[in-house]
């Protein structure tokens, strides 16, 4: 016969539910497990920057970018920034839209999951996958294309804070954009299209100063341009700073813009986040 | 396995008028159409209450308002003494929900899903115990993507009762389950009630309502049209028996509250009475009549004896 569940429910006077922090930790583990089990996403997130580096190095490898910087050196900064955008903004935006559509978020809502624990799970996943992706991309660029790595601790620190701030900005913006109306498929398409255009505008493929000024000004509104510029400041020699739009690396402004995006994005998330698709 | 026993709860006979769910004048509109239209409902602590009604009658909308995931347009709602629209985490922790959705990640196995969500509760039922209770032992290591519809429903049921809830909402829990799984599910619900939990379920299976529920509420057009224990549902309708027999090659029928008198009269004549039957409306007849669907149930005595 059937096993009947023993042990009655504790009637009232229950202890408080587990803290948001404990659930967040659980969610980081879950998100990572799910990420690595979905082959498509792993291939796309990890292979895209690598393939782009290989293709563009093969075609434009002999070119130079402003300030006599070899193309591959310039491009590594851009494609590393793009990779961060992929593993944060794009991965998060599309996965939340999908989870909302197939009812996974509804389950979390009914369990009373604190939204902040859910966001933290996503952010944890982003930080780990971004680190893994960069750990694949940087050695390839260094050993196959002779791209110099940041020369000292200070430059590595710059690399680290730019990467972390960029990944966090991408995460909150991904959460925010997942609230757009429409099916998960249409949200995914919209996010991908936006990401591709933004790459061209932000100086990933072309020298930023070679772009028309309206493109530069548009790009300056979004985090990717600053992320790319911050990456250049970590990988390129000091002299290259003279060929930036402002004639310097603008670290202060980069930090300010990225941090502003994190804060604005977080506020938008808290205000617009929904566990379910539009209420009837 | 835990062996703690709950303090004895008042049985069905004692004073257990304490309500787990109390609804007065509930209204919910989509556009101009009122899906729930002045619904009153009391579910007492410790009982199994079945909301029975056709598709579109407002069952799911009502349940979702009780769960606090949908906002009502009018009326008063209390679930475990709390307005669901303001229920916090502590309130949610006392509820278990089996909705019509499927909220488990496809790439996890049954056991992984249960182990993961165990961490969302203070005290969870052990995973192996839950797997056994819903009969998924053979599928414990199988990923959700490869489960059948009925097996996924069973997992949802397991997730719904994982946190040892005081009050369980189940929205058409057995849809897609085979007869064996359905019976197993009934057993599980009986176990929950024996433990003192309150259960509110929606269904459109009459046998399920009759089998499980202490009381059945029939919902039609957004209102409760009758509330009664399953065997007393539609008492007025059930009093009418139908006597049928064949006479001169034609079927004759009489609907009456006193079939014995009709029979005495029939049998007093000479010879046999071919094709003689006496029937009372089935639960299904009563239900169809209550929700206003065409049925064969008699609504008033009619026909005279010869």
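What is the mean number of Cβ atoms from other protein chains located within 10 Å of the Cβ atom of each residue in peptide B:86-96, rounded to a whole number?
Values: counts 0, 1, 2, 8, 5, 1, 6, 7, 6, 3, 3.
What the average comes to for B:86-96 is 4.
Relative to the longest principal axis of the C-alpha atoms of chain A, give the angle of the C-alpha long axis of helix A:20-37, reported between 0 and 90° and rounded to the nearest 10°.
60 degrees
Using a 10 Å cut-off around each Cβ of peptide A:26-33, what is the average number of partner chain Cβ atoms that fall inside? Don't jump to the answer; show the numbers that get you there.
Working: counts 6, 3, 0, 2, 7, 1, 0, 5.
Across A:26-33, the average partner-chain Cβ count within 10 Å equals 3.
In percent, what relative contact order does segment B:241-293 have, based on Cα pairs under 8 Å that are 6 or more apart in sequence? Mind dumping the intermediate values first?
Working: 55 pairs, mean separation 22.3, N = 53.
Result for segment B:241-293 is 42 percent.
Tell me the mean residue ellipticity at 222 nm calculated for chain B from its helices only (DSSP H runs of n ≥ 4, each -39500 (n - 2.57), averaged over every residue, nearest 500).
Details: 10 runs with 85 residues, N = 306.
The helix-only estimate for chain B comes to -7500 deg cm²/dmol at 222 nm.
Ignoring everything except DSSP H segments at least 4 long, calculate the 222 nm mean residue ellipticity for chain A; use -39,500 (n - 2.57) per segment, divide by total residues, nearest 500.
Numbers: 11 runs with 189 residues, N = 280.
Using -39500 (n - 2.57) per qualifying helix, the result is -22500 deg cm²/dmol.
Take peptide B:163-169, look around each residue's Cβ out to 10 angstrom, count Cβ atoms belonging to other protein chains, and average those counts. Don't skip to the end; give the middle numbers.
Values: counts 5, 7, 1, 6, 1, 1, 1.
Average neighbour count from other chains, rounded to a whole number: 3.
Can you compute the label reach from residue A:245? Point 7 Å from Cα along the Cβ direction, backbone N cut-off under 16 Å, restricted to segment A:196-213.
Residues passing the 16 Å test: A:198-213.
Subtract the Cα-Cα distance of residue A:268 and residue A:180 from 0.36 nm times their separation in residues, and report this length gain in nm to one decimal.
Working: separation 88, 0.36 × 88 = 31.68 nm, distance 1.19 nm.
Using 0.36 nm per residue and subtracting the Cα-Cα distance, I get 30.5 nm.
Work out the FRET efficiency for residue A:32 and residue A:160 from their Cβ-Cβ distance, taking R0 = 25 Å, and round it to the nearest 0.05.
Details: r = 20 Å, r/R0 = 0.82.
Result of the calculation: an efficiency of 0.75.
Output the peptides B:239-248, B:91-100, A:94-103 sorted from most to least packed, where packing is the average of other Cβ atoms within 10 Å over each peptide's residues.
Per-residue mean Cβ counts within 10 Å order the peptides as B:91-100, A:94-103, B:239-248.
Normalised by the number of residues in chain A, what is the relative contact order in percent for Cα pairs under 8 Å and 6+ residues apart? Write out the running numbers ahead of the final one.
Numbers: 339 pairs, mean separation 75.3, N = 280.
That works out to 27 percent.
Do you know the relative contact order of chain B, to the nearest whole percent, from alpha carbon pairs under 8 angstrom that are 6+ apart?
19 percent
Would you order B:30, A:74, A:48 from fewest to most other beta-carbon atoms within 10 Å of each residue's own beta-carbon? Mind dumping the intermediate values first?
Values: B:30 11, A:74 29, A:48 17.
Exposure proxy ranking, most exposed first: B:30, A:48, A:74.
Using a simple spin-label model with points 7 Å from Cα along the Cα→Cβ vector, what separation in nm is obtained for residue A:136 and residue A:192?
With each label point 7 Å from Cα toward Cβ, the separation is 1.8 nm.
Expressed in nm to one decimal, what extension gain is obtained for the pair residue B:272 and residue B:123 from 0.36 nm per residue of sequence separation less their Cα-Cα distance? Show your work: numbers first, answer last.
Numbers: separation 149, 0.36 × 149 = 53.64 nm, distance 6.89 nm.
So the chain would gain 46.8 nm between residue B:272 and residue B:123.
Considering the zone a paramagnetic label at residue A:255 would reach in this model (a point 7 Å from Cα along the Cα-to-Cβ line), which residues of segment A:148-183 have amide N under 15 Å from it?
A:154-166
Apply 1/(1 + (r/R0)^6) to the Cβ-Cβ distance of residue B:280 and residue A:19, taking R0 = 41 Å, and write down the FRET efficiency to the nearest 0.05. Provide the component values of the computation, followed by the final result.
Details: r = 58 Å, r/R0 = 1.43.
So, using R0 = 41 Å, E works out to roughly 0.10.
Picking from B:170, B:155, B:206, which is most flexible by a Gaussian network model of chain B using Cα springs under 10 Å?
B:206
Return one number: the angle in degrees, 0 to 90 and rounded to the nearest 10, between the long axis of the Cα atoms of helix A:223-235 and the longest principal axis of the Cα atoms of chain A.
60 degrees
Every read-out reported here was derived from the displayed coordinates using simple, explicitly stated rules and does not represent laboratory data. All of these numbers come straight from a predicted model, not from anything done at the bench. Here Cβ is always computed from backbone atoms with ideal geometry, including for glycine, and neighbour counts include all displayed protein chains.
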